[in-house]
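Below is one structure, written out as structure tokens, with a few remarks after it.
Just so you know, all these numbers are worked out from the coordinates, no wet-lab data involved. On a predicted model such as this, the values are computed, not experimentally measured, just so you know. Here the Cβ positions follow ideal geometry from the backbone for every residue, glycine too, while neighbour counts run over all protein chains shown.
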Amino acid sequence: MTSTTTQQGPQESRIFPSPAAFAAQATVSGMDAYNALCAEAAADYEGFWGRLAKENLVWQKPFTKVLNEDNAPFYKWFEDGHLNVSYNCLDRNLQNGNADKTAIIFEADDGKSVHVTYKELHEKVCKFANGLKSRGIKKGDRVIIYMSMSVEGVAAMQACARIGATHSVVFGGFSAKSLQERIIDAGAVAVITADEQMRGGKQLPLKAIVDEALALGGCDTIKDVIVYKRTGGNINFVAGRDLWLHDLVDNQSAECEPEWVDAEHPLFILYTSGSTGTPKGVQHSSGGYLLWAALTMKWSFDIKPNDVYWCTADIGWVTGHSYIAYGPTAVGATQVVFEGIPTFPNAGRFWGTIAKHKVSIFYTAPTAIRSLIKASDLDASVHPKNYDLSSVRLLGTVGEPINPEAWMWYYTQVGREVCPIVDTFWQTETGGHMITPLPGATPMVPGSCTLPLPGIMAAIVDESGADVPNGQGGILVVKRPWPSMIRTIWNNPDRFKSSYFPEELGGKMYLAGDGAIRNKDTGYFTITGRIDDVLNVSGHRMGTMEIESALVANPLVAEAAVVGKPDETTGESICAFVVLKQARPTGDDAKKLALELRNWVAKEIGPIAKPKEIRFGDNLPKTRSGKIMRRLLRVLAKGETITQDVSTLENPAILEQLKEAS
Ligand code: WTA
């Protein structure tokens with residue numbers, strides 16, 4: 001088990017009751033209300049979810065069956081109901097008085113902003129959807145979206161949903177090779193992209209990377225490349241394949257009848273890293289997924305009609321799906337969509353943007369908070385106290401454990417000690433929040449995601465699947481299916497079963513892949529980190545195997561092992577141990593080769609996968625049967641002394657060599 005978190009969780013004794021003023025108006029008004037919802041779910045699980053699905057979504061044809069467990073773990077929710085996700089997110093708002101309400105405040109990289117109303121967004125999406133239809137794209141087709149943060153990115157997702165096409169958004173920082181792999185696995189018919197993206201004042205390529213991905217070959221299913229003009233930069237155009245978005249949509253009708261789909265229809269596939277092999281295409285449903293995205297906006301974020309909500313994630317990650325593209329629109333919220341980065345033009349950008357748009361609910365990653373703490377220690381002018389943050393009433397975090405010190409800073413310096421913090425634990429596979437305090441109800445403990453949401457049967461078990469008592473760490477599982485859960489891995493149902501419902505645990509419990517512990521007194525959960533070979537760097541998930549494969553694909557490399565190392569700012573950092581085909585380099589040679597390999601990984605996967613540190617060895621520590629001892633490498637990466645017995649190693653002497661950089 002690789003526990004990499006630095007937090008004190010279970011030992012943390014500070015408890016912060018939910019601020020009284022917040023509690024007085026909260027959607028879930030207190031622990032009694034929370035307990036009542038949990039009791040409702042426990043007493044009649046299907047009745048509970050059925051009620052919520054009727055209350056929170058508009059069904060074109062109502063469902064008569066809530067949950068089908070016949071083919072577990074391929075669960076089906078609301079399967080005979082019909083709906084359309086984009087109808088629920090857009091048309092519903094035109095009908096209930098939100099037509100002229102701002103849906104999106106687009107805050108561009110350069111600080112300019114644009115307001116888009118629900119009526120305008122609806123029109124944009126309908127035209128976009130009609131444009132896609134005019135190219136023959138239809139229900140069930142897969143469409144890759146490779147765009148940066150933009151109104152058009154959100155509209156592209158909604159347009160796919162409107163016509164029943166299944167989208168797969170690929171984060172704009174992934175390399176051509178990663179993009180190509182996803183295009184092939186998804187069998188996509190089109191790519192929607194932009195000419196370039198703007199980040200931190202720089203124009204960065206997007207379309208050129210799509211060209212490169214397609215040139216790598218194997219992408220014969222792609223018929224169209226649709227290009228949103230963001231910067232007007234110079235790009236290559238392939239006649240017959242590439243077309244401008246504006247040319248495609250300008251003359252389309254502003255009405256597009258939604259394609260009604262079964263609740264189980266795949267809304268999207270999102271690739272994420274696992275412990276082995278290539279990234280997994282996590283497949284999500286339409287009905288169950290949207291229910292949870294909408295409901296958690298109300299429960300976890302207490303969203304109200306006058307809120308200005310801002311989630312700083314990118315649409316390339318699941319947070320940008322559930323808590324930008326779908327959740328906020330499904331509840332008619334006004335949200336900021338931010339193109340830029342937290343440090344441009346300076347590290348006060350988040351706080352300045354909150355003040356500018358009077359943001360009331362702010363949701364970001366611990367890694368961003370930690371880097372902004374550092375920045376304001378160095379330069380007092382970017383400290384939150386210099387900005388009017390009085391509009392903020394609720395704060396949230398996601399993506400990795402938050403260390404108590406960062407939590408306290410967020411609470412006092414950003415939240416003025418009057419804003420609850422929701423530390424939301426969830427995953428690409430869970431579709432939405434799983435374990436989080438409810439603002440206005442759950443007393444908060446820094447570093448703990450506290451308690452599961454009502455209806456989420458989270459538990460901690462040992463390796464045989466037996467419950468462990470509070471105070472004893474174990475494996476985090478969910479014992480009952482829930483509506484927004486992953487349905488399968490695209491093209492790989494066997495991998496879905498073995499990854500998430502392993503036989504060792506009885507085949508019926510969802511295995512999250514994280515370790516956790518519950519506090520003896522409060523029963524609160526603290527996540528202790530991944531138990532598999534998945535790293536979490538700045539809240540981004542990465543498989544060590546993927547990075548190792550990228551490294552060994554380099555002609556110079558004979559062998560590589562990648563481990564995570566705790567990092568003050570990014571949570572974890574990537575440390576690679578590499579054996580070259582040539583002699584082990586030292587000094588400047590080692591530096592030069594390390595740089596070359598880091599750039600190689602950036603090209604193979606994307607800059608986010610670059611190892612922070614590379615150490616060269618003549619060999620790697622191995623057992624006599626040839627297994628690489630990653631456990632020992634983790635100790636070496638941390639700079640700690642190995643205390644384990646190493647007598648079973650084939651080559652114990654190698655440890656000395658790998659202790660530090662070459
Ligand atoms: C980690 C992101 C502790 C965890 C939504 C999980 C967290 C992985 C938290 C999923 C949190 C996410 N506290 N750890 N509040 N939120 N994680 O799929 O290890 O990108 O398994 O989804 O992030 O990452 P993913």
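Tabulated values for the structure
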item	result
Unmet requirement for Leu505, which otherwise passes all of (1) out of contact with any Lys or Arg (no Cβ under 9 Å at 6 or more places or on another chain); (2) within 16 Å of Leu453 (Cα to Cα)	(2)
The stretch 174-192, residues that are touching a strand residue (DSSP E or B) at 6+ places or on another chain (Cβ under 9 Å) and closer than 23 Å to Glu546 by Cβ	Phe174, Ser178, Leu179, Glu181, Arg182, Ile183, Asp185, Ala186, Gly187, Ala188, Val191
Residue within the stretch 493-511 that is within 22 Å of the chain's Cα centre (by Cα), within 16 Å of the ligand (Cβ to nearest atom), part of a strand (DSSP E or B) and under 24 Å from Gly432 (Cα atoms) present	yes
Subset of the stretch 286-338 that is assigned to a loop (DSSP other than H, G, I, E, B) and of a type in the set (S, T, N, Q) - its residue that is nearest to the ligand (Cβ to nearest atom)	Ser300
Condition check for Ala458: surrounded by 19 or more Cβ atoms within 10 Å (Cβ to Cβ), within 30 Å of Asn71 (Cβ to Cβ) and not hydroxyl-bearing (Ser, Thr, Tyr)	yes
Test for Ala590: is it within 11 Å of the ligand (Cβ to nearest atom) and either under 21 Å from Gly639 (Cβ atoms) or surrounded by 19 or more Cβ atoms within 10 Å (Cβ to Cβ) (or both)	no
Filter pass, Asp514 being part of a loop (DSSP other than H, G, I, E, B) and of a type in the set (D, E, K, R)	no
Among (1) within 23 Å of Ser371 (Cα to Cα); (2) away from the ligand (no atom under 13 Å from the Cβ) - the single one Val445 does not satisfy	(2)
Selection count, the stretch 262-278, where residues are more than 12 Å from the ligand (Cβ to nearest atom) and within 12 Å of His321 (Cα to Cα)	3
Candidate set from the stretch 524-549 (those that are in contact with a helix residue (DSSP H, G or I) (Cβ under 6 Å, 6 or more places away or on another chain) and over 12 Å from Ser273 (Cβ atoms)); member that is farthest from the ligand (Cβ to nearest atom)	Ser538
Residue count, the stretch 543-580 (criterion: assigned to a strand (DSSP E or B) and among the hydrophobic types (A, V, I, L, M, F, W, C))	13
When residues of the stretch 329-375 are limited to those that are polar (S, T, N, Q) and surrounded by fewer than 20 Cβ atoms within 10 Å (Cβ to Cβ), the one nearest to the chain's Cα centre (by Cα)	Ser371
Output for the stretch 159-184, where each listed residue is touching a residue at least 60 places away in the same chain (Cβ under 8 Å), farther than 20 Å from Gly131 by Cβ and within 20 Å of the chain's Cα centre (by Cα)	Val170, Phe171, Gly172, Gly173, Phe174, Ser175, Ser178, Glu181, Arg182
The one condition in (1) crowded, with 19+ Cβ neighbours inside 10 Å; (2) in contact (Cβ under 8 Å) with a residue 60 or more places away in the chain that Arg584 fails to fulfil	(1)
Residues of the stretch 165-186 classified as closer than 18 Å to Lys139 by Cα and of a type in the set (Val, Ile, Thr), total	3
